[in-house]
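Novice: Submitted below is the structure of interest, expressed as C-alpha cells.
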C-alpha cells in the first residue's frame, strides 16, 4: 500500500509539474516538463535520500566518530526489529532530526548538533525512536520523494518569473502567458505544500505513538518535543529555510515563520502531540508528563561527558 501511495503521489506531482510547464511554455513546455519529470522520478526514487541529506549538510558518522549516538541508534533499532540505519549529523544549532530512505534496509537517521547538545539521553532516545517509527511505518519513501519533487516544482515555477513566455501559438497572447506564469509561481508551491500537509499530520501522531513504545518512555519523547518546539522558534535553521519543501521531514517544524514559511507548516501542534503522549503514558501506567525532567537525572546533556555510552 505504501508503494501504491508513492506511485499515486508521483503521478499527481508529475501532472502538476506538466501543468506548470504548459503555462510557462505551452505544449512544448508540457512535453519538456514530462520528460524532466520522468527522469526526475527515476532519480528521486533511488537518490532522494542523498539529495535531502545533501541539502541539510549532513555527514555520516560511525561507531568511531560518534560511538554513543551510534550505539543508542543500534540499541533502539534492535528493539524496533529494524535493520541498523545509517546515522548522520547536521552541523546545525537548532535541535531537530529526521529520517529518510526508500525502505528500512536503505534508511538513515539524521540529527543536528543542537539536538545532541540540548537533550538528555531519555529525550534523545525518544526522538530517535520517533524517527525509527517513520522507517518502520514505511513513511520515509513518500515523505522524502515529496520533499524533492515539491522543491523542484517550486523552482520550476520560479523559473517562469525569469523566462516569462507562456503560450507561443497565435491563439494566445503574451500577456495571458505571463499572467499564467505569475499565477503558477504562487500556486505551484502551494499545491506541493498541500500534498505535504496531507501526508504529514497523521503520520506524526502515529510515529509519536510507536516511537514512545519503542523507547518505552512516552514522557521522554514528550519532554523532547516541548524543548524542540521552543528552540525552533528561537534558533534559525538556515538549510531548512533555504529548502522549505523539506520541512515536513523534521520531527518539529524547523521554519521560523518568516516570509511564507507558515504556508509550509505541516506538523500538528506540539501541545496536541504532548497531550497524546500523556494519554499513552497513562495507559502504560506511567506518571503524567509535567515539567521537563532535569537533564542531570538522565546522564547529563548529550554534548557533555556522561557516564552512559
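Novice: Check residue 117 against each of (1) part of a helix (DSSP H, G or I); (2) surrounded by 21 or more Cβ atoms within 10 Å (Cβ to Cβ); (3) at pLDDT 90 or above and name the one condition it does not meet.
Specialist: Against the list (1) part of a helix (DSSP H, G or I); (2) surrounded by 21 or more Cβ atoms within 10 Å (Cβ to Cβ); (3) at pLDDT 90 or above, residue 117 comes up short only on (2).
Novice: OK, next. Quick check on this structure: which one of 64, 71, 59 is surrounded by fewer than 19 Cβ atoms within 10 Å (Cβ to Cβ), within 18 Å of the chain's Cα centre (by Cα) and modelled with pLDDT of 95 or more?
Specialist: The match here is 59.
Novice: What is the residue count in the range 25-71 for residues that are in contact with a helix residue (DSSP H, G or I) (Cβ under 6 Å, 6 or more places away or on another chain), closer than 26 Å to residue 214 by Cβ and in a helix (DSSP H, G or I)?
Specialist: Matching residues across the range 25-71 total 3.
Novice: If you check 274, 252, which single one turns out to be at pLDDT 80 or above and outside any helix (DSSP H, G or I)?
Specialist: Answer to the check: 252.
Novice: Quick check: anything in the range 235-246 assigned to a loop (DSSP other than H, G, I, E, B), modelled with pLDDT under 85, under 15 Å from the mean Cα position of the chain (by Cα) and within 23 Å of residue 147 (Cβ to Cβ)?
Specialist: yes
Novice: Given the criterion crowded, with 19+ Cβ neighbours inside 10 Å and touching a residue at least 60 places away in the same chain (Cβ under 8 Å), identify the matching residue among 255, 221.
Specialist: 221
Novice: Also, I was wondering about something else. What's the number of the only condition in (1) under 12 Å from the mean Cα position of the chain (by Cα); (2) not in a strand (DSSP E or B) that residue 129 fails to meet?
Specialist: Result: residue 129 passes all but (1).
Novice: If a residue has to be surrounded by 24 or more Cβ atoms within 10 Å (Cβ to Cβ) and either farther than 19 Å from residue 68 by Cα or modelled with pLDDT under 95 (or both) to count, how many in the range 120-140 make the cut?
Specialist: Within the range 120-140, residues that are surrounded by 24 or more Cβ atoms within 10 Å (Cβ to Cβ) and either farther than 19 Å from residue 68 by Cα or modelled with pLDDT under 95 (or both) number 4.
Novice: Yes or no: the range 207-218 includes at least one residue that is in contact (Cβ under 8 Å) with a residue 24 or more places away in the chain and over 20 Å from residue 137 (Cβ atoms).
Specialist: There is no residue in the range 207-218 that is in contact (Cβ under 8 Å) with a residue 24 or more places away in the chain and over 20 Å from residue 137 (Cβ atoms).
Novice: Would you confirm, using the coordinates I've provided, whether residue 228 is modelled with pLDDT of 90 or more, more than 15 Å from the chain's Cα centre (by Cα) and surrounded by 21 or more Cβ atoms within 10 Å (Cβ to Cβ)?
Specialist: So residue 228 does not fit the description; no.
Novice: Let me ask something else about it. For the range 72-108, how many residues are in contact (Cβ under 8 Å) with a residue 12 or more places away in the chain, out of contact with any helix residue (DSSP H, G or I) (no Cβ under 9 Å at 6 or more places or on another chain) and under 18 Å from residue 215 (Cβ atoms)?
Specialist: Result for the range 72-108: 0.
Novice: On the basis of being under 19 Å from the mean Cα position of the chain (by Cα), at pLDDT 95 or above, in a helix (DSSP H, G or I) and over 21 Å from residue 283 (Cα atoms), does residue 198 make the cut?
Specialist: Criteria not met by residue 198.
Novice: Here is a follow-up. In the list 95, 83, which residue meets the criterion of being buried (at least 24 other Cβ atoms within 10 Å of the Cβ), assigned to a loop (DSSP other than H, G, I, E, B) and at pLDDT 95 or above?
Specialist: 95
The values are calculated or read from the model by the stated rules, or taken from the named source; none is laboratory data. The shown structure was predicted, so the numbers you read here are calculated from the model rather than taken from an experiment. Every residue, glycine as well, gets a Cβ built from its backbone with ideal geometry; the counts of neighbours run over all protein chains shown.
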